[in-house]
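Undergrad: Questions regarding the structure given below will be posed in turn.
The values are calculated or read from the model by the stated rules, or taken from the named source; none is laboratory data. Since this is a predicted model, take the numbers as computed values, not measurements. Heads up, the Cβs are rebuilt from the backbone with ideal geometry, glycines too, and the neighbour counts pull from every protein chain shown. In case anyone asks, the SASA skips ligands and DNA or RNA and just uses the protein heavy atoms, side chains included. Shrake-Rupley method; radii C 1.70, N 1.55, O 1.52, S 1.80 Å.
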Amino acid sequence: MEHYSVIIIGGGSSGLFLSSLLKDSLLIEKNHECGKKLLVTGGGECNITHDEAPRDLVCHYFEKKNFVSTALYTLPPDEIRKYFSSLGVDSFTREDGKVFPSSRDAHTVRDALLCGGKIITDHAVKSIRKDGDLFVVDDEFSSTYLVIATGGTVFPQTGSTGDGYNFLKEFGHSIVPQRNALCEIKLSEDTSRLEGLSVDNATLKIGKNVKTGPLLFTRKGLSGPVALNLSRFVDGNDEMILKLCDITAEEIKRLNGKLKCANALHQLTGLPQRLIDEIVPAKDKNIASLTKEDIREIITRLTCWRLKGNTHGQARLAMVTRGGVSTTEVDSKSMESKLCPGLFIVGECLDVDGETGGYNLSFAFASSYLVYKKLKSYLS
Ligand SMILES: Cc1cc2nc3c(=O)[nH]c(=O)nc-3n(C[C@H](O)[C@H](O)[C@H](O)COP(=O)(O)OP(=O)(O)OC[C@H]3O[C@@H](n4cnc5c(N)ncnc54)[C@H](O)[C@@H]3O)c2cc1C
């Protein structure tokens, strides 16, 4: 049996990052190449992090703000960028704060991370067990420390099929049920006629959760940052409230009475004409002939559109998994299991999901960095 100080299972974003730091380790990846998911990030351009101070950054992880804090304060965006720069990958910040490699090519990021310890590909790990103080992987490799970096369950075509959960259950870990997140919200109402239309400043509310920002209508529903970031809250056919703009009855009444309603509303709200034409009641009337009821309906449709939606069947398209290994059983200062010393869990395998904008890779890298620091102290 081959022995290593550290074995990393999974050669995705987090596993590769750790392997690049730990020269003396074995990384085992099931695919023929490492980082298949990393290669499709940011539309192939790889949004590696977000140019934000840690105190703001941590607010993009929903209820896991506290859990992710040590990781993201220890390896903040500036340090992520510096590290990549040290590997020859310079980066730039887009106007919206997203950080990309200057090459705008995820291959540069993936290839730079192949510089670390030994890597074995085409090997899907099947079993992990403990033999005394050692971890034994597939009865073929043993290690003193073991890192599970097998990702979540969405976008399984890149290799993340939830294998880590099965391994970790054997070590007593609880797995929070998974849901698709950062994905399109499919609507019960047919909005196919709105496909391609976007609104810069829409507000979407699902239960107590509210987001404002860009929204895109797709053939089957809603996408764009607002819908993507809220998709994690959609469970079943939940009611959502969509506000497309701010508008009052007085503002409508003050409009030139001779104008056609649809044109006047387009000018007043700045919403796309086609969107107004498709969704606004009484669109062909003149402003002067709108009844109180017409105005009430127009306002309801534009500021309080009730929709039902779900994220079913989106696993192959979703960008992150909500759910995974319960964070209550993992030390947030080192990512070491509280149930099994020497066992570490990083990245999307954990019950942590961030918003769109470089937050999930930031956590994948930063959680691995904490493991690196802890292992350095154990191994020195
Ligand atoms: C289309 C898309 C675009 C995205 N864009 C961005 C973006 O621009 N910015 C951002 O921050 N985030 C983005 N994300 C999210 C981000 O890619 C993930 O959160 C991140 O890659 C998670 O890293 P990970 O290492 O935890 O898991 P993964 O990167 O999924 O890696 C897990 C690895 O483990 C391997 N593995 C699994 N089981 C086994 C086994 N039994 N044996 C051996 N190997 C195994 C898998 O093959 C895989 O390579 C995007 C995701 C998708 C799907």
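Undergrad: For the chain, set up a Gaussian network in which alpha carbons nearer than 10 Å are linked by springs, and say which option among PHE365, PHE62, PHE100 fluctuates the most.
TA: Looking only at PHE365, PHE62, PHE100, the largest GNM fluctuation is found for PHE62.
Undergrad: Expected output is a single nm value to one decimal: the length gained when fully extending between ILE120 and ASP139, i.e. 0.36 nm times separation in residues minus the C-alpha distance. What is it? Kindly include the intermediate steps, with their values, before the conclusion.
TA: Values: separation 19, 0.36 × 19 = 6.84 nm, distance 1.55 nm.
Separation in residues times 0.36 nm, less the Cα-Cα distance, equals 5.3 nm.
Undergrad: Between LYS130 and ASP78, what FRET efficiency comes out of the Förster formula 1/(1 + (r/R0)^6) with R0 = 41 Å and r the beta carbon distance, rounded to 0.05? Provide the component values of the computation, followed by the final result.
TA: Working: r = 39 Å, r/R0 = 0.95.
Computed FRET efficiency for ASP78 and LYS130: 0.60.
Undergrad: Here's another thing I want to ask about it. For segment 185-310, what is the accessible area per residue in Å² when the probe is 1.4 Å? Walk me through the numbers on the way to the answer.
TA: Values: 6150 Å² over 126 residues.
In whole numbers, segment 185-310 has 49 Å² accessible per residue.
Undergrad: Using a basic spin-label model with each label point 7 Å from the Cα along Cα→Cβ, how many nm lie between ARG193 and LEU259?
TA: If labels sit at ARG193 and LEU259, their model points lie 2.3 nm apart.
Undergrad: For every other residue with a beta carbon closer than 13 angstrom to the beta carbon of LYS333, add +1 if it is Lys or Arg and -1 if Asp or Glu, then tell me the sum.
TA: +1
Undergrad: Dipole of the chain, Cα-centred, from +1 at each Lys and Arg C-beta and -1 at each Asp and Glu C-beta, to the nearest 20 debye?
TA: So the magnitude is around 1020 debye.
Undergrad: Next question, about the same structure. May I ask what percent, to the nearest 5, of DSSP beta bridges between residues of the chain are antiparallel?
TA: Among the beta bridges of the chain, antiparallel pairing accounts for roughly 70 percent.
Undergrad: Note down the net charge around GLY162, summing +1 for each Lys or Arg and -1 for each Asp or Glu among other residues with Cβ under 15 Å from its Cβ.
TA: +2
Undergrad: With only Lys, Arg, Asp and Glu charged, each at its Cβ (+1 for the first two, -1 for the last two), find how big the charge dipole of segment 140-240 is about the Cα centre; round to the nearest 20 debye.
TA: 240 debye
Undergrad: My understanding is that a pair violates if its Cα-Cα distance is over 27 Å; which of LYS64/LYS205; LYS36/LYS82; LYS30/LYS186 do that in this structure? All intermediate terms of the calculation are to be shown ahead of the outcome.
TA: Numbers: LYS64/LYS205 20 Å; LYS36/LYS82 23 Å; LYS30/LYS186 32 Å.
From LYS64/LYS205; LYS36/LYS82; LYS30/LYS186, over 27 Å: LYS30/LYS186.
Undergrad: In debye, nearest 20, what is the charge dipole magnitude of segment 185-310 about its Cα centre with +1 on Lys and Arg Cβ and -1 on Asp and Glu Cβ, if you could check?
TA: Its charge dipole is roughly 60 debye.
Undergrad: Go ahead and set up a Gaussian network model of the chain, Cα springs under 10 Å, then flag whichever of ASP351, ASP284, ASP105 fluctuates most.
TA: Between ASP351, ASP284, ASP105, it is ASP284 that shows the largest mean-square fluctuation.
Undergrad: What residue among GLY270, GLY324, GLY132 has its Cα farthest toward the positive end of the dipole of the chain, where the charges are +1 on Lys, Arg and -1 on Asp, Glu, each on the Cβ?
TA: Working it through, the farthest residue towards the positive pole turns out to be GLY270.
Undergrad: While we're looking at this one, here's another question. Net charge around LYS308, counting only other residues with Cβ within less than 11 Å of its Cβ (Lys, Arg = +1; Asp, Glu = -1)?
TA: After counting each charged neighbour, the total is -1.
Undergrad: Using a Gaussian network model of the chain with C-alpha springs under 10 Å, which one of THR203, THR153, THR300 is most mobile by mean-square fluctuation?
TA: Greatest mean-square fluctuation among the candidates belongs to THR300.
Undergrad: As a test of the formula, what do you get for the chain when each DSSP H run with n ≥ 4 contributes -39,500 (n - 2.57) and the sum is divided by the residue count, at 222 nm and rounded to the nearest 500 deg cm²/dmol?
TA: -8500 deg cm²/dmol
Undergrad: If one computes the Cα centroid of segment 20-92 and of segment 325-364, what distance in Å separates the two points?
TA: Going from one Cα centre to the other spans 13 Å.
Undergrad: Assuming a ≥ b ≥ c are the square roots of the Cα gyration tensor eigenvalues, decide whether the chain counts as rounded (a/c under 1.5), prolate (otherwise, with a/b larger than b/c) or oblate.
TA: Values: a/c = 2.85, a/b = 2.38, b/c = 1.20.
In terms of gyration-tensor shape, prolate.
Undergrad: What is the percent carbon and sulfur in the accessible area of the chain, measuring with a 1.4 Å probe over the protein chains and ignoring ligands?
TA: 48 percent
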